[in-house]
Amino acid sequence: MKSAANSCLSAEAPDGDGFKYLNKLRSELYASVKQRAESRTKTGQRKRSRTILKTANDKKAQAEYLNVILTKAYSELLANIHTLSYDKETTDRIKIRIDNIVERHLEVYGAILQPDLNADQVGLSVVDGGRDK
């Protein structure tokens, strides 16, 4: 086998020794097959599943956190706009425009601010004075 490897692979080998080259290829193949076989075991599958589940849970928690912050920011902004319509320095024309904007907005998005809640849900709604209830 040594002489066959030397005669066939000596041109391919960087140092001219075909048998060493063949042995190097064999060891590289063994290492890659061993690594692939370990990744297909039940332990590897469980590890990948836990990693995927953790990533999904982290993304879900981040989305929930951002949703709470956006809801609070939105509610505060809407309350401030609504409060602006009661400001004495605001002209009547601007007050009417603000009232129309808020009214149209509540017609379209009112369900978001005052949803039908089950006993286990909690929601925010904007009330006069800009306070959450």
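Quick note: the coordinates plus some simple rules give every number you see, no bench work behind them. Remember, it's a predicted structure, so these values are computed and weren't measured experimentally. Cβ coordinates were reconstructed from backbone atoms using ideal geometry, including for glycine residues, and neighbour counts include every protein chain displayed.
Can you classify region 7-67 as rounded, prolate or oblate using the Cα gyration tensor, where a ≥ b ≥ c are the square roots of its eigenvalues, rounded means a/c under 1.5, and otherwise it's prolate if a/b beats b/c and oblate if not? Can you show the working numbers first?
Working: a/c = 9.24, a/b = 3.36, b/c = 2.75.
Prolate is the answer for region 7-67, as a/c is 1.5 or above and a/b outweighs b/c.
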*By how many nm would the segment from residue 68 to residue 80 lengthen if fully extended, with 0.36 nm per residue of separation less the alpha-carbon distance?*
2.5 nm
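Among 101-112, 74-85, how do they line up by average Cβ neighbours within 10 Å per residue, starting with the highest? Spell out each step's value before the answer.
Numbers: 101-112: 12.0, 74-85: 15.4.
Averaged packing, sorted descending, gives the order 74-85, 101-112.
Using DSSP to define loop residues, name the trypsin sites (Lys or Arg not before Pro) in region 1-61 whose beta-carbon has at most 13 other beta-carbon atoms within 10 Å.
Listed in order of number, the matching sites are 40.
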_If each residue of separation counts as 0.36 nm, what is the full-extension length gain between residue 54 and residue 26 once their alpha-carbon separation is subtracted?_
6.3 nm
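Grab the Cα-Cα distance for residue 19 and residue 41, subtract it from 0.36 nm times how many residues apart they are, and report the gain in nm with one decimal. Spell out each step's value before the answer.
Numbers: separation 22, 0.36 × 22 = 7.92 nm, distance 3.32 nm.
Computed gain between residue 19 and residue 41 is 4.6 nm.
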